Each structure stands twice: as C-alpha cells, then as structure tokens.
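Taking it in order: structure first as structure tokens, then the write-up.
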Amino acid sequence: MTLYHERWQAETAYASLKATLLNGRVLRSGHPADLDQEVYAILVVYQALIHTAADAAASRPGLDMDRLSLTVALHAARDQVTTAAGVLIDGPARLVGAIGLALLDNLLPAHRRQRMKARSLKSASKYAPNIGKHPATAQDYTFHAQVTIMEDGLAPRPRR
C-alpha cells in the first residue's frame, strides 16, 4: 500500500507541470524546434524549483519534502523575477534564499490524507447494445443512381 501512495508523487509531478507551471495554458510554439525549447524551459524551471525546495528542506533536519508546496515556490520565484528583490544580498550567501524562506514559512500540514482512488469498472461501451446485431458476413446490395447534368447551372437563391 505504501508503494501505491508513493506512485502518486510521480502523478503529482505531472500535474504540477500541467496545472501549476502552465496554469491551464497550452504550449504556444508552432514549430517542432520551438516546441522542444519551450518544453525544456518548463522542465528547467521545474527542476530549479524542486532543487530550491530540496535545499530548503535540507536546512531543517527531519522536514519531509512533501510538506513543501510547488505553488508557493513558483509564486515566490515569480516575485523574485518581476521585482528583482533580494537579487543582490548583503553579507554571506545562504543556501536558503527568498524562495526557500517562502517555502519554509508556508509548510503544508504534516499529516495529509493518503491519496487514493477507489477502483472502478470502465464505463460500458456505447456500442455494446449493437453487438451481434450486424451481419458477420458481407452482404450484396444493389444501388441505383440517376445523374442530372444541369447545363445552365443552379438558379441563384433569393436574397433576404
């Protein structure tokens, strides 16, 4: 059962990429090379935020990484980029910067409910009622058609 819950971390990572970083937007690139560049940029931002979160977690022994929010890290990083606050620091460099401090100030609850989804049957096919109602062998049909060639074309439609 523990392995099942750990599997959700990968699912959460995919959801983070789609929902948090892209915020519901689609990729804008129209050319494959540009698309590669855009995907790599998103992955680089994701990895930078995860490494920043890991540094913040390492600064507090025993802190579980699951208590750090990617959304908080992303908002703190956006604030850093748009305001350029705290880019140049006074004194020695710290491992935990403004993004890490924001993460540590906004920890998620220590004991969250386990993520689980009840197993369910696939929904029935909409084609199921037609099973066995169609002939299993080829059928012969006769088709009669009449083609009319209009030398003068069609009459124009009246304007409304």
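Bear in mind that the values in this text are calculations on the coordinates, not laboratory data. In this text the structure is predicted, and so the values were computed from the model without any measurement. In this analysis, Cβ positions are derived from the backbone assuming ideal geometry, glycine residues included, and neighbour counts consider all displayed protein chains.
Annotations
- Applied to region 43-56, the Karplus parametrisation 6.51 cos²θ - 1.76 cosθ + 1.60 on θ = phi - 60° returns per-residue 3J(HN,Hα) values of 5, 5, 4, 4, 5, 4, 5, 5, 5, 5, 5, 5, 5, 5 Hz, with x for Gly and Pro.
- Amide hydrogen neighbours beyond the local backbone of residue 106, cut-off 5 Å, H modeled: none
- Relative packing of 33-44, 61-72, 127-138, which averages over residues the other C-beta atoms within 10 Å, highest first: 61-72, 33-44, 127-138
- Length gained when the stretch residue 44-residue 128 is fully extended (0.36 nm per residue, less Cα-Cα span): 25.6 nm
- The charge dipole of the chain, taken about its Cα centre with unit charges on the Cβ of Lys, Arg, Asp and Glu (plus for the first two, minus for the last two), comes to roughly 860 debye.
- The fewest-to-most ranking of 101, 108 by surrounding Cβ atoms within 10 Å reads 108, 101.
- Overall shape of region 2-105 was characterised from the C-alpha gyration tensor. The equivalent ellipsoid obtained from it has semi-axes of 25, 21, 11 Å, in decreasing order.
- 3J(HN,Hα) from dihedral phi, region 131-140, Karplus parametrisation 6.51/-1.76/1.60, rounded to Hz, x for glycine, proline: 5, x, 8, 9, x, 7, 10, 5, 10, 9
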